[in-house]
Amino acid sequence: MSKASIVTLLGIIIVLIPIDGLPDRISTALIIVCGALVIVLGLLMRVERLWLIRAQRGDYKTDAFQENGTPQKIETL
């Protein structure tokens with residue numbers, strides 16, 4: 001399940017909590033937990049999007065390999 005679909009599902013749950021008939025303490029706890037999860041997922045989605053934008057621009061190199069250069073002589077005294 002993608003982050004966007006989880007955020008959508010949490011939004012639906014938050015909308016339905018006031019009419020679910022649960023005690024107030026449980027409803028409040030569910031709203032707080034769902035809200036915190038929306039915040040965390042939103043931040044993760046933002047960081048991922050910024051990383052992808054920077055990778056497309058070339059700011060981040062996505063290759064894990066680097067070509068070897070010519071060996072340099074180490075001079076000893």
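The numbers here are math on the coordinates, done by the rules we state, and not lab data. Fair warning: this is a prediction, and the values are worked out from it, not measured in the lab. In this analysis, Cβ positions are derived from the backbone assuming ideal geometry, glycine residues included, and neighbour counts consider all displayed protein chains.
Let's see if you can work this out: charge +1 on each Lys and Arg Cβ, -1 on each Asp and Glu Cβ, no other charges. What is the dipole magnitude of region 3-57 about its Cα centre, in debye to the nearest 20?
With Lys and Arg at +1 and Asp and Glu at -1, about 440 debye.
Mind ordering 1-13, 18-30 by average Cβ neighbours within 10 Å, highest first?
Numbers: 1-13: 12.2, 18-30: 10.5.
Per-residue mean Cβ counts within 10 Å order the peptides as 1-13, 18-30.
Please report, to two decimal places, log10 I(q)/I(0) for region 3-57 at q = 0.17, 0.24, 0.31 Å⁻¹ as given by the Debye formula with identical point scatterers on the Cα atoms and no solvent.
Taken in order of the listed q values, log10 I(q)/I(0) reads -0.59, -0.88, -1.13.
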